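One structure is given here, and the rest of the page talks about it.
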Amino acid sequence: MSAPTPQQGRLADAPVGLRGGRWWLDGGTGSIPASDPAFTAALDDFALSMAAADRAVANLLIRQDEASSVEPGGRR
């Protein structure tokens, strides 16, 4: 079972957003709901992958910050 997707937010810099648990395609003249199940499933999967990548980068930055605060020899 996959993790739930958020109920709201934009997908990276793409012209698509999730509002109220539904994907919307955003254009210069307005928005339309995405209704194709295969397309919305792909958007869900991509959003989950982006969130996992963001968490992985954040964890690496935390580890890098922790490592740089430790002096050689293991003392802080």
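None of the figures in this text is laboratory data; all of them are computed from the coordinates on show. Note that this is a predicted model, so its numbers are computed, not measured.
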Item checked: For ALA34, residues with placed amide H under 5 Å, excluding near neighbours -> TRP23, TRP24, LEU25
Check: Contour minus end-to-end for MET50 and ALA67, with contour as 0.36 nm per residue of separation and end-to-end as the Cα-Cα distance?
Finding: 3.6 nm
